[in-house]
Amino acid sequence: MRRQQRHGFWGELADLGSAVGRAMRVTLVNFIRRPITVHYPTVERVYPDRFRGILALTYDTETGEENCIGCRLCEYICPPQVIKVEMLKAEKRNFAKTFTLELYACEFCELCVQVCPTDAIIMMKSFDAATADRRELLFDKDRLHQVGLQFPPSWATGNGLRDMQTPPKAPKAEGEPAKAGSKAE
Amino acid sequence: MPPALYDAIVAFVVLNAVIGMVTYVTLLERKFAARMQSRIGPHRVGPHGLLQPIADALKLMMKEDVIPRTADRGVYNLAPIVFLIPCMLIFATLPFAPGLGIADLNIGILFFLAVSAMEIVGLFMGGWGSNNKYALISAMRAVNQIISYDLPFIFVALVPVVLTGSLNLSAIAAAQQGVLGWFVFYPVIGQLAFVAYIVTTLAAENRVPFDILEAESELIAGFRVEYSGMKFALIQLGEYAHMIGTSFLGALLFLGAWSGPGPAFMGPIWFLGKAMAVFLLVTWIRWSFVRIRVDQILAISWKLMLPASLLLLMATALVVVLRGGAGA
């Protein structure tokens, strides 16, 4: 795109003139184009499917029980160590006795969501957590459940991500060795 | 009504109209600039941000007035006023319609050029009085630049004067009736003079691409870096008033002032529209270019603009003589 520079007085003048024309054309084209601004608080942009927003805990949609079993995997993997979980042993399954998440130090890496075996912790399609008081960003278990009901959830869940990376094997067709079947795909 | 009272009333009205226009021109510029960057500009204060200038003015009035401890207080405090007065005075001789103006001087354009060159005194006082190295460097650059560009500016502004044969602004405006009579449509000379006028205006107003005196990446805000509150507002007001004044002068010298279709009362509206068109052209240039170096600015002035404008002026004079007198 770079042109040969012209020389001499008239050549430089021609270069200058064309440069002025090109520069002013760029701004004019932008002037005519529609502004790309979105009026944020009144109009919300569509969140991408895998948006990494604020974290929340979920309930089981069928039984209405908490999904979290207090396994503390998220606590172990969390790089900034903002998650603290205590386990509550019960008869059929375990629960989280306490679950605190310091959202003000969270780096939204999504690792806790990726390791969760029961899809209990997920991310929401929202970044609407602005506050004047930092203590409001220290989420306990109730607050996390409440956030989970407040916003639409993002696509990613622990099991969903695992299935995406290593799809569950399709049931073998009868009379065909597994190796050949996978090659044929 | 005694004539002195009449003059005072007209002056009061024009002064307030200029101040009101300045506040809203800032909004116009911000909106225009925003659209050039695919933004929308001020939008929250009032419908489509229409009350934004008022909010800005209120904010500036309520700000604390900080005076640097080592500043030269007298010079520092006086500078904004010394800066503002010439910028306001340039509206004194502008005729907004036939017979509608404060003073119809027979050397109107001379007064305009002389007064608009005086703003440099206030500017340098501000830069010196602040006792800040950035402000001082900025003021030095401003003096440098404005002295360099006043000569070509005056030569270019003299082209319509030579074509008309009068220094009176009303006479210059009256000489270009009908769209084809505008001096910008005068073959060759008119277009060259208009381009040169815009370039020298940019330099005289210290606008991009000639804004080395407030080069934001190196000198923060230039000579007004130490000013705050109302003093800052006064300097800002003066700068925009100067810019609008030169836009009006450009519209008067080259775009036929109040000539346009419609009845006589449309004259001032046409004039305002043309002045705003010149202002928007300047703004458009501002948002299209990058700043150029000090030595380049001076080289353009002394090696290009000055000889070119002088040649243009002489060519104009030759044309006028060959055609047998001015106004022909």
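The values are calculated or read from the model by the stated rules, or taken from the named source; none is laboratory data. This one's a predicted model, so the numbers in the text were calculated from it and none came from an experiment. Counting neighbours? That spans all protein chains shown, and the Cβs are built from the backbone with ideal geometry, glycine included.
Key figures
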item	result
Which numbered condition A:TYR59 misses (of (1) surrounded by fewer than 12 Cβ atoms within 10 Å (Cβ to Cβ); (2) of a type in the set (Ser, Thr, Tyr); (3) within 30 Å of A:ALA130 (Cβ to Cβ))	(1)
Breaking point among (1) part of a helix (DSSP H, G or I); (2) within 14 Å of chain A (Cβ to nearest Cβ), for B:LEU60	(2)
Qualifying residues in segment A:88-107 (those that are within 24 Å of A:ARG135 (Cα to Cα) and in a strand (DSSP E or B)) - the one farthest from the chain's Cα centre (by Cα)	A:LYS97
Breaking point among (1) under 24 Å from B:LEU89 (Cα atoms); (2) more than 14 Å from every other protein chain (Cβ to nearest Cβ); (3) surrounded by fewer than 18 Cβ atoms within 10 Å (Cβ to Cβ), for B:LEU28	(2)
Matching residues, segment B:170-195, being touching a Pro at 6+ places or on another chain (Cβ under 7 Å) and under 17 Å from B:THR316 (Cβ atoms)	B:ILE172, B:PHE183
Qualifying positions in segment A:21-40 - part of a helix (DSSP H, G or I) and within 8 Å of chain B (Cβ to nearest Cβ)	A:ALA23, A:MET24, A:VAL26, A:THR27, A:LEU28, A:ASN30, A:PHE31
Scan of segment B:253-281 for residues that are surrounded by 20 or more Cβ atoms within 10 Å (Cβ to Cβ) and either under 19 Å from the mean Cα position of the chain (by Cα) or within 14 Å of chain A (Cβ to nearest Cβ) (or both), ordered by number	B:LEU253, B:PHE254, B:LEU255, B:GLY256, B:ALA257, B:TRP258, B:PHE271, B:LYS274, B:ALA275, B:VAL278, B:PHE279
Selected residue [within 17 Å of the chain's Cα centre (by Cα) and polar (S, T, N, Q)] from A:THR58, A:THR63	A:THR58
Qualifying residue in segment B:40-47 (condition: more than 14 Å from every other protein chain (Cβ to nearest Cβ), within 16 Å of the chain's Cα centre (by Cα) and either of a type in the set (Gly, Ala, Ser) or closer than 30 Å to B:PHE265 by Cα (or both))	no
Unique residue being surrounded by 13 or more Cβ atoms within 10 Å (Cβ to Cβ) and either among the charged types (D, E, K, R) or without any contact (Cβ under 8 Å) to a residue 40 or more places away in the chain (or both) when the list is A:ILE54, A:ILE83	A:ILE83
Checklist (1) closer than 30 Å to B:ARG39 by Cβ; (2) away from every other protein chain (no Cβ under 14 Å) applied to A:VAL43, failing item	(2)
Residue satisfying all of: in segment B:160-209; farther than 19 Å from B:PRO98 by Cα and among the hydroxyl-bearing types (Ser, Thr, Tyr); surrounded by the fewest Cβ atoms within 10 Å (Cβ to Cβ) among these	B:TYR186
Helices (runs of 4 or more DSSP H) fully within segment B:115-213 counting 2 or more residues that are of a type in the set (Ser, Thr, Tyr), modelled with pLDDT of 85 or more and at negative phi	B:133-164, B:189-204
Selection within segment A:2-20 - surrounded by 10 or more Cβ atoms within 10 Å (Cβ to Cβ) and not hydrophobic (A, V, I, L, M, F, W, C)	A:ARG6, A:GLY11, A:GLU12, A:ASP15, A:GLY17, A:SER18
Residues located in segment B:285-323, provided they are within 14 Å of chain A (Cβ to nearest Cβ) and exposed (fewer than 14 other Cβ atoms within 10 Å of the Cβ)	B:VAL290, B:GLN296, B:LYS303, B:PRO307, B:LEU311
Some residue of segment A:101-112 being under 25 Å from A:GLU62 (Cα atoms) and modelled with pLDDT of 85 or more	yes
B:ILE212 vs. criteria farther than 15 Å from B:ILE19 by Cα and surrounded by fewer than 20 Cβ atoms within 10 Å (Cβ to Cβ)	no
